[in-house]
Amino acid sequence: MRLNKGLMMGAVALVGVLALAGCSDSGTPGTDAPDVNTGAEFEAGTTMAKVSDAGAITIGTKFDQPLFGLTGPSGPEGFDVEIGKMIAAELGIAPEGIKWVETVSANREPFIESGQVDLVIATYTINDTRKEVVDFAGPYYEAGQDFLVLAGNPDGIENVDSFKNDPNLAVCTVTGSTSLKNISEYTSNVLQAETYSACLEPLRNGEVSAVTTDNVILAGLADQNEGEFEVLDQTFTAEPYGIGLKKGDDAFRTFINDTLEASYEDGRWAKAWESTAGKVLATPTPPAVDRY
């Protein structure tokens, strides 16, 4: 019954790649696409059965985060995207059956709550406040908040305490992000932007002295703009990245956690990392899944 899902979705996906603003149906599986579980069967009434029977799933991710979620010729590319493909494959859904929706920090919970997406995989830090409105599978990676500065660090920023000690130093981060909450404990001189890439021009022109968010996001921005910026390498938080889903969907969360743990053991997680973020960063040890 599920053998022809990818074929049925392929034509629609190919037409839709560039047709929808903020959306991308990735019609190119790629040579490293995970094997699709064509025999997937799930209990009737579960989210897994619904999306598997439809041969389609909608996943929110970022479109401007190098190494994790960045728009490419066939849709978004990066580690978060590969994790999404891996989960979809276990549901019997080929890459061309995934609709990718651009999801920025401020709209992740609303997209999940409204059902606009089935999952959010978007450098999404698990925290207690967010767990009040959505559930999380994972974590599947642990980052740490750091700073991106101009090459050579002309303002001499040493660590997060530099902003506490000098209130004239300004920093840029994203509205609605954990990064904003964290840095606000040290300074109120914060420029808020919609995306991290939108912080780069204020950094270039001296409006701010640094951009702050998770170190892996900053590493991607530095890699994308070679020679312009450097990461301070002074993390001051632990940021466990989780997969957001509708609150109370325990069966779906358990399925995703099972998939993640299996991928740690069979090498799929490492393969996803090494083909994306691993081009810049060393392969880490995956974090333990938290089945709260």
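Taking label positions 7 Å along the Cα-Cβ direction at both GLU41 and LYS279, the computed distance is 4.1 nm, reported to one decimal.
Do any GluC sites (Glu not before Pro) in region 148-200 lie in a DSSP loop with no more than 13 other beta carbon atoms within 10 Å, and if so, which? Before the final figure, lay out the partial values.
Details: sites: GLU158, GLU185, GLU194; in loops: GLU158, GLU185, GLU194.
Counting only loop positions with at most 13 other Cβ atoms within 10 Å, the GluC sites (Glu not before Pro) in region 148-200 are GLU158, GLU185.
Shape class of region 26-130 from the alpha-carbon gyration tensor: oblate, with a/c at 1.5 or above and b/c at least as large as a/b. Put a plus charge on the Cβ of each Lys and Arg, a minus charge on the Cβ of each Asp and Glu, and nothing anywhere else: the dipole of region 145-231 about its Cα centre is then about 240 debye. Adding -39500 (n - 2.57) for every DSSP H run of four residues or longer, then dividing by how many residues the chain holds, sets the calculated 222 nm ellipticity at -8500 deg cm²/dmol.
Taking every pair of distinct Cα atoms and averaging 1/r, then inverting, what Kirkwood hydrodynamic radius in Å comes out for region 134-292? Write out the running numbers ahead of the final one.
Numbers: mean 1/r = 0.0591 Å⁻¹.
Value: 16.9 Å, from the Cα pair sum.
For the chain, a Gaussian network of Cα nodes joined below 10 Å ranks PRO73, PRO202, PRO240 by mean-square fluctuation, and the top entry is PRO73.
Suppose R0 equals 22 Å. What FRET efficiency, 1/(1 + (r/R0)^6) with r the Cβ-Cβ distance, do GLU132 and ALA106 give to the nearest 0.05? Given R0 = 22 Å and the Cβ-Cβ separation, E is 0.85.
Taking the charge dipole of the chain about its Cα centre, with +1 at Lys and Arg Cβ atoms and -1 at Asp and Glu Cβ atoms, the residue from TYR264, ASN189, VAL120 reaching farthest to the positive side is VAL120.
Packing around the peptides 277-288, 59-70, taken as the average count of other Cβ atoms within 10 Å per residue, puts them in this order, highest first: 59-70, 277-288. Dipole size of the chain about its Cα centre, with +1 on Lys/Arg Cβ and -1 on Asp/Glu Cβ: approximately 720 debye, rounded to the nearest 20.
Short-range pairs are left out: with C-alpha atoms under 8 Å and at least six residues apart, the relative contact order of region 131-251 is 48 percent. For region 145-231, the spherically averaged projection of the C-alpha convex hull amounts to 4.7 nm².
Readers should treat all values here as calculations from the given coordinates under stated rules, not as data from a laboratory. Just so it is clear, the structure is predicted and the values come from calculations on it, not from any experiment. Every residue, glycine among them, receives a Cβ derived from its backbone with ideal geometry; neighbour counts consider all protein chains shown.
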